[in-house]
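Asks: Sending over a structure as structure tokens; questions will come in a sec.
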Amino acid sequence: MANTTRSPIAGHNIYLNEHNQKVLFDPITKTGYLIRETEAQKFTLYHNRWILALAIGILVYSFTDKIPLSILTSFLYGTIQEYRYRKVWLPGLTQYPNFKPKNKVAFIQGLIQQNKIWDCLVLGIAFLTFGILFVINGIQKHNGPILIGFEVIVMIATSWKAIQYFIAFYKLLKLKKKH
């Protein structure tokens with residue numbers, strides 16, 4: 001079966017090079033960065049840096065009900081992570097200047113390569129549940145229409161992520177039945 005890793009090295013701007021290695025393409029600098037399996041956890045952290053910043057902002061808002069504080073916290077975290085990503089982590093990776101992306105590695109493909117059937121199911125349920133509960137929480141707190149709209153956008157994003165996990169779960173079950 002497929003290799004098992006902790007985090008999938010797949011998704012947005014991930015491609016395979018001529019040696020079948022995973023390369024992160026930075027469209028700003030037109031540079032490819034070799035991502036080894038040992039870098040999977042850091043890759044996940046940095047690849048999701050702005051999503052994590054948004055989640056931190058949401059958590060701050062849920063505890064304080066102060067929009068400016070949540071926006072500031074989210075922006076500061078995202079900016080610090082962006083700096084660390086561009087100035088600390090990326091320069092330490094093997095670089096391919098003028099990398100020409102060809103063979104994309106989709107997120108679902110990365111999940112399937114991990115071969116973690118039940119993790120996909122649990123994470124799909126968790127993402128779906130978080131999105132729905134986030135909107136329900138906003139409605140119960142009587143948030144204004146702008147915040148409810150924002151919460152619905154977050155719910156749509158988490159639902160999309162859940163669907164990806166469910167698709168991977170389904171495909172892994174089909175693969176398991178074949179063997």
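The values are calculated or read from the model by the stated rules, or taken from the named source; none is laboratory data. Remember, predicted model here, so these are calculated numbers, not experimental data. Note that each Cβ is placed from the backbone with ideal geometry, even for glycine, and that neighbours are counted across all protein chains shown. Surface areas here come from the heavy atoms of the whole protein model, side chains and all, with no ligands, DNA or RNA. Shrake-Rupley method; radii C 1.70, N 1.55, O 1.52, S 1.80 Å.
Asks: Condition first: within 22 Å of Leu121 (Cα to Cα) and among the basic types (Lys, Arg). Now tell me which residues in the range 139-167 satisfy that.
Replies: Residue satisfying the conditions is Lys161 alone.
Asks: Among the residues in the range 108-127, are any among the aliphatic types (A, V, I, L, M) and under 26 Å from Ile71 (Cβ atoms)?
Replies: Looking for residues that are among the aliphatic types (A, V, I, L, M) and under 26 Å from Ile71 (Cβ atoms), one finds at least one in the range 108-127, hence yes.
Asks: Can you run down the residue pairs with Cβ atoms below 8 Å, 6 or more apart or on separate chains, where the first is in the range 33-50 and closer than 17 Å to Thr94 by Cα and the partner is open to solvent by less than 40 Å² (accessible area, probe 1.4 Å) and basic (Lys, Arg)?
Replies: Leu34/Lys22; Ile35/Lys22
Asks: Where in the range 1-108 are there strands (runs of 3 or more DSSP E), lying fully within it, with 2 or more residues that are open to solvent by 70 Å² or more (accessible area, probe 1.4 Å)?
Replies: Once the strands (runs of 3 or more DSSP E) in the range 1-108 are filtered for at least 2 residues that are open to solvent by 70 Å² or more (accessible area, probe 1.4 Å), what remains is 95-97.
Asks: Okay, moving on. Take the range 75-115 and flag every residue that is modelled with pLDDT under 95 and over 25 Å from Asn17 (Cβ atoms).
Replies: Residues satisfying the conditions do not exist here.
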